[in-house]
Amino acid sequence: MSLSDWQEWVVETHAQLVEPLEEWLFERGALAVSLEDNADEPLLEPGPGETPMWQNVQVTALFAGDVDLAPIKAALPQPLLAPDSKSAISAFDDRDWERVCMDDFAPLQMGPRLWICPSWIPPVDKAAVNVMLDPGLAFGTGTHATTAMCLGALDEMIEGGERIIDFGCGSGILAIAALKLGASSALGVDNDPQAITASRDNAQRNAIGADRFEVVLPDDDQLADRCASADITVANILAGPLIELADRLIGLTLPGGRLLLTGVLEAQAPQLIERYREVGLRTSNSRDGWILLVGQKPH
Ligand SMILES: C[S@@+](CC[C@H](N)C(=O)[O-])C[C@H]1O[C@@H](n2cnc3c(N)ncnc32)[C@H](O)[C@@H]1O
């Protein structure tokens with residue numbers, strides 16, 4: 001029998017048992033342990049420093065292919081599991097994993113002009129505006145409804161020469177798309193250093209120099225200089241941070257400039273509309289329960 005490269009063992013448990021179960025699995029040779037919601041319980045907007053946990057958790061432990069899991073499985077203490085916990089072991093090869101990743105992220109058309117292409121796949125339509133993207137460890141491949149709605153709106157809105165602020169830039173996907181559609185410059189802002197790295201790498205991948213696309217942390221001095229400078233401010237964050245950032249995002253936008261806000265669920269629209277009343281937000285699109293809000297700062 002030929003061995004696979006890896007084995008994955010999935011078990012179900014409760015929030016308070018996750019830590020001892022993880023410890024037990026690592027002591028028995030697990031190389032990595034990942035956690036997923038086992039009951040469709042969303043965890044939205046944790047506060048800074050909070051690590052929320054679902055009540056019912058699916059724990060997946062990764063082992064090397066040559067580990068004999070049968071005796072380890074037999075020795076797993078029942079008190080570490082949820083009652084009636086299901087348990088499943090599957091084996092897979094490195095090659096399978098690469099294929100799964102590549103199948104998940106294919107070239108996507110986001111608007112009449114715009115395509116997002118994984119950096120390892122040649123563009124489908126060479127004449128289109130193609131953003132070549134590798135998200136790295138940051139959010140933003142275009143597959144999420146919020147990103148897709150922003151990209152569609154930017155494709156419609158950009159005529160050429162606009163200055164963009166992309167607050168919560170993640171992989172840089174929105175700013176880079178805006179620049180390739182004809183915007184003159186963009187400033188990306190993110191509080192995650194991995195997003196800063198991914199945005200800069202993606203800019204380089206698309207031959208966009210630092211003179212057109214700068215990427216900074218939210219406390220960077222440059223943001224003060226950008227007061228009332230953006231023709232379009234786009235922010236795909238979440239309702240909580242968008243409410244906290246309202247004065248800042250409105251302040252960064254030029255009189256007459258537009259704001260595109262998403263990461264907001266339909267039920268959260270009234271709060272956002274009230275907090276941003278000065279720019280007259282309206283829902284311009286919705287997808288999978290998420291909405292895109294668009295407003296304009298008065299002249
Ligand atoms: C949902 S992702 C959006 C990424 C990308 N713009 C897109 O549309 O796909 C949100 C990004 O906002 C960043 N973020 C969250 N809160 C932030 C804050 N208060 N200030 C700056 N960035 C923030 C996160 O690190 C993350 O990269």
In degrees, nearest 10, the alpha-carbon axis of helix 18-27 is tilted away from the dominant principal axis of the alpha carbons of the chain by 60
Quick note, the chain: a/c under 1.5 would make it rounded; otherwise a/b > b/c is prolate and the rest oblate (a ≥ b ≥ c, C-alpha gyration tensor); here it is prolate
Once the dipole of the stretch 145-296 is set up from charges on Cβ (+1 Lys and Arg, -1 Asp and Glu), the residue from the list SER184, LEU293, ASN202 lying farthest towards its positive end is LEU293
Highest mean packing first, using Cβ neighbours within 10 angstrom, the peptides 125-131, 218-224 sort as 125-131, 218-224
With +1 at each Lys and Arg Cβ and -1 at each Asp and Glu Cβ, the charge dipole magnitude of the chain around its Cα centre, to the nearest 20 debye, comes out at 1180
Charge tally for neighbours of LEU25 with beta carbon under 12 Å away, counting Lys, Arg as +1 and Asp, Glu as -1, is -3
Net charge near LYS73 (other residues with Cβ under 13 Å of its Cβ; Lys, Arg +1; Asp, Glu -1) is 0
Summed over the other residues with a beta carbon less than 11 angstrom from that of ALA178, with K and R at +1 and D and E at -1, the charge totals -1
Fewest to most Cβ atoms within 10 Å: ASP190, ASP93, ASP166, ASP201 sort as ASP93, ASP201, ASP190, ASP166
To the nearest 20 debye, the stretch 145-296 has a Cα-centred charge dipole, built from +1 on Lys and Arg Cβ and -1 on Asp and Glu Cβ, of 300
Where a ≥ b ≥ c are root eigenvalues of the Cα gyration tensor, a/c under 1.5 meaning rounded, otherwise prolate if a/b exceeds b/c and oblate otherwise, the stretch 121-273 counts as rounded
Calculated from DSSP helices alone, with each H run of at least 4 adding -39500 (n - 2.57) and the total divided by the residues of the chain, [θ]222 nm to the nearest 500 comes to -8000 deg cm²/dmol
Phi angles of the stretch 67-84, converted by Karplus (6.51 cos²θ - 1.76 cosθ + 1.60, θ = phi - 60°) into ³J(HN,Hα) in whole Hz with x for Gly and Pro, give 7, 7, 7, 4, x, 5, 4, 5, 8, 4, x, 4, x, 8, 10, 6, x, 6
Longest principal axis of the chain (C-alpha) makes with the long axis of helix 145-157 (C-alpha) an angle, in degrees to the nearest 10, of 20
In the chain the DSSP beta bridges are antiparallel at a rate, in percent to nearest 5, of 60
So the angle from the long Cα axis of helix 94-104 to the longest Cα principal axis of the chain, reported in degrees to the nearest 10, equals 30
Going fewest to most other Cβ atoms within 10 Å around each Cβ, MET157, MET149 line up as MET157, MET149
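All of the numbers you see were taken from the coordinates with simple rules; none came from a lab. What you see is a predicted model; the values in this text were computed from it and never measured. Reconstructed Cβ throughout: ideal geometry from the backbone, glycine too, with neighbour counts over all protein chains shown.
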